[in-house]
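Q: Just dropping this structure here.
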Amino acid sequence: MSDEKKLAIIATKGSLDWAYPPFILASTAAALGYETQIFFTFYGLQLLKKNLDLKVTSVGNPAMPMPMPVPVLMQTLPGMQGMMTSMMKKKMKSKGVASVDELRELCMEAEVKMIACQMTVDLFDMPTNEFIDGIEYGGAATFFEFAGESDICLYI
Amino acid sequence: MASFDAELDASGLNCPLPILKAKKALAGIDSGQVLHIIATDPGAIKDFEAFAKQTGNDLLESKEEGGKFYFLLKKS
């Protein structure tokens, strides 16, 4: 259908917090009737792994709300990242925020097309059997084929 | 309250889950039938208005009662 609105997203980040915007927007757009594609490049490729092991860190992110103030030097100690990740996941669950797995599944169900950047896969020697099924591989030109006709294009 | 044909309880779920689940629930009913949605996400009021507007489904009712939000959505 050519009268269908189109949304093109480039997902470049692979942390737990940054995994949300592409999947929330893509799944919602699909529900609103948009034809949607996400192009995963660089660290964004982590979002396509079968076993998602995404983490969040407060280091370098002074805007992250903390239950109590923690000096920056302390934030870099071993175990802190794991602790913050589990606290964030707990908080999200208690507030009824979907998991990244769940949102990604909803995107797949809604036929959001997911494209992995071939160059990044080669660059980091990422084994393709670690990625979920149903994705495609392509490069910048592949992205522009869809993005050039999109109504909305986001770089996340 | 007006009658409805199907019900979706999205209580406790946050954005964008109420909308996504409503979309799925709508797929399971016929054109002209009404879906009753219960939500606790305060963002749902504006979101269901926007959803109805963009998808062409008719938002017959939107109300708050005792901290919960109730919507009646008629499938186009």
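The values are calculated or read from the model by the stated rules, or taken from the named source; none is laboratory data. The shown structure was predicted, so the numbers you read here are calculated from the model rather than taken from an experiment. Counting neighbours? That spans all protein chains shown, and the Cβs are built from the backbone with ideal geometry, glycine included. With ligands, DNA and RNA removed, areas are computed over all heavy atoms of the protein, side chains included. Shrake-Rupley method; radii C 1.70, N 1.55, O 1.52, S 1.80 Å.
Conditions (1) at positive phi; (2) touching a residue at least 60 places away in the same chain (Cβ under 8 Å), marked per residue:
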{"position": "A:PHE40", "(1), (2)": "no, yes"}
{"position": "A:LEU47", "(1), (2)": "no, no"}
{"position": "A:GLY60", "(1), (2)": "yes, no"}
{"position": "A:GLN81", "(1), (2)": "no, no"}
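Q: I would also like to ask the following. Check the stretch A:43-50 and report whether any residue there is of a type in the set (D, E, K, R), open to solvent by 50 Å² or more (accessible area, probe 1.4 Å), more than 14 Å from chain B (Cβ to nearest Cβ) and over 24 Å from B:ALA50 (Cα atoms). Talk me through it step by step, then tell me what you get.
A: Taking the stretch A:43-50 and keeping what is of a type in the set (D, E, K, R), we get A:49-50.
This time we only want the ones that are open to solvent by 50 Å² or more (accessible area, probe 1.4 Å), so: A:50.
The next check asks that each one be more than 14 Å from chain B (Cβ to nearest Cβ); those that pass are A:50.
Narrowing the set further to residues that are over 24 Å from B:ALA50 (Cα atoms) leaves A:50.
Yes - at least one qualifying residue is present in the stretch A:43-50.
Q: With without any contact (Cβ under 8 Å) to a residue 40 or more places away in the chain, in a strand (DSSP E or B), of a type in the set (A, V, I, L, M) and within 14 Å of chain A (Cβ to nearest Cβ) as the only criterion, which of B:LEU20, B:LEU73, B:LEU13, B:LEU8 stands out?
A: Numbers: B:LEU20 fails: in a strand (DSSP E or B); B:LEU73 fails: without any contact (Cβ under 8 Å) to a residue 40 or more places away in the chain; B:LEU13 fails: in a strand (DSSP E or B).
Residue meeting the stated conditions: B:LEU8.
Residues are listed down the side, and each one gets a yes or a no for (1) open to solvent by 60 Å² or more (accessible area, probe 1.4 Å); (2) in a helix (DSSP H, G or I); (3) away from chain B (no Cβ under 13 Å); (4) among the charged types (D, E, K, R):
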residue	(1), (2), (3), (4)
A:ASN61	no, no, yes, no
A:MET64	no, no, yes, no
A:LEU77	yes, no, yes, no
A:MET88	no, yes, yes, no
A:ALA98	no, no, no, no
A:LEU106	no, yes, no, no
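Q: So which residues in the stretch B:23-37 are crowded, with 17+ Cβ neighbours inside 10 Å and either more than 9 Å from every other protein chain (Cβ to nearest Cβ) or farther than 20 Å from A:GLY96 by Cβ (or both)? Steps first, answer last, please.
A: From the stretch B:23-37, those crowded, with 17+ Cβ neighbours inside 10 Å are B:23, B:25-26, B:34-37; that's our starting set.
Selection gives B:ALA25, B:LEU26, B:VAL34, B:LEU35, B:HIS36, B:ILE37.
Q: Looking for whichever is within 13 Å of chain A (Cβ to nearest Cβ), open to solvent by 20 Å² or more (accessible area, probe 1.4 Å), among the polar types (S, T, N, Q) and more than 18 Å from A:ALA31 (Cα to Cα) here; the options are B:THR40, B:THR55. Which one fits?
A: B:THR40
Q: Look through A:SER15, A:SER27, A:SER2 and report the one residue that is at pLDDT below 95 and among the polar types (S, T, N, Q). Reasoning before the result, please.
A: Details: A:SER15 fails: at pLDDT below 95; A:SER27 fails: at pLDDT below 95.
Within the list A:SER15, A:SER27, A:SER2, the selection yields A:SER2.
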